[in-house]
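Please treat every number below as a calculation from the coordinates, not as lab data. None of these values were measured; they are calculated from a predicted model. Here Cβ is always computed from backbone atoms with ideal geometry, including for glycine, and neighbour counts include all displayed protein chains.
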Amino acid sequence: MKKKTLFLNLAFAFFSATAAAQNSSEVSLNISLYPIQTIVVNTGTNTADLDYITQDDYKNGVNVTKEDHLKIYSTGGFTVRVKTISPTLTNTLNNGSSIDAGDITVTVSKGTTNGIEGLAYNSVPLSTADTELISSPFGGNNKTFNINYAAKGDDKYLNKYVKAQSPTVYTTQVVYSIVVN
């Protein structure tokens, strides 16, 4: 009987220790965050027309503001850059006349519907080089930015009008890009 009791006590102690060791287990839970940046020129604002109609337009220059022109989604700090695909704006008649892209200044400001507070906004001349326009230390969901396009005055374009066209239009493409800060 003593042998049987001793055996049962040892068996009970063994199974208790084994059962206690299997009462818990650990798992490593990871959250992996990857950078996502999107930039969109809002529908209906993908053309910017700078119209010289009056004497004052030629003298003082013209500008147009596109409200909420850019919409940004970023999972952290970001930089928006602007460039033009050509160093000049060219005419469809290809008559050899052009306008320097650097004559156009792009200025950014806080969007009207979902802008970011507290950023320093830049004003830059267009160039074929990527030029920093917006820099934010933090991300945002569908943040908007107003863009103003301004062209020179001082009668700089008096001799750029072509009689066979009314109006005479000079064109280039402006490209916006976003990168991780």
Self-check item: Peptides 27-33, 117-123 ordered by average Cβ neighbours within 10 Å, highest first
Solution: 117-123, 27-33
Exercise. Measure up LYS83/LYS110; LYS59/LYS143; LYS71/LYS163; LYS66/LYS160; LYS110/LYS163; LYS110/LYS152 against 30 Å on the Cα-Cα distance and list the ones that go over.
Key: LYS59/LYS143; LYS71/LYS163; LYS110/LYS163
Quiz item: Out of VAL80, VAL106, VAL64, any idea which swings most in a Gaussian network model of the chain, alpha carbons joined below 10 Å?
Solution: VAL64
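Less than 12 Å Cβ to Cβ from GLY61, Lys/Arg counted +1 and Asp/Glu -1: what total charge do the surrounding residues give?
Numbers: positive: LYS59, LYS152, LYS156; negative: ASP51, ASP56, ASP57, ASP103, ASP154, ASP155.
Once positives and negatives cancel, what remains is -3.
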Practice problem: Compare the peptides 147-158, 36-47, 66-77, 169-180 by average per-residue count of other Cβ atoms within 10 angstrom and give them in order, highest first. | Solution: 66-77, 147-158, 169-180, 36-47
Quiz item: Calculated from DSSP H runs of 4 or more alone, at -39500 (n - 2.57) each and per residue, what is the 222 nm mean residue ellipticity of the chain, nearest 500?
Solution: -4500 deg cm²/dmol
Self-check item: Among [x] 32.0, 122; [y] 16.9, 57; [z] 16.1, 49, the entry derived from the coordinates for Rg and Dmax of the Cα atoms in Å
Solution: [x]
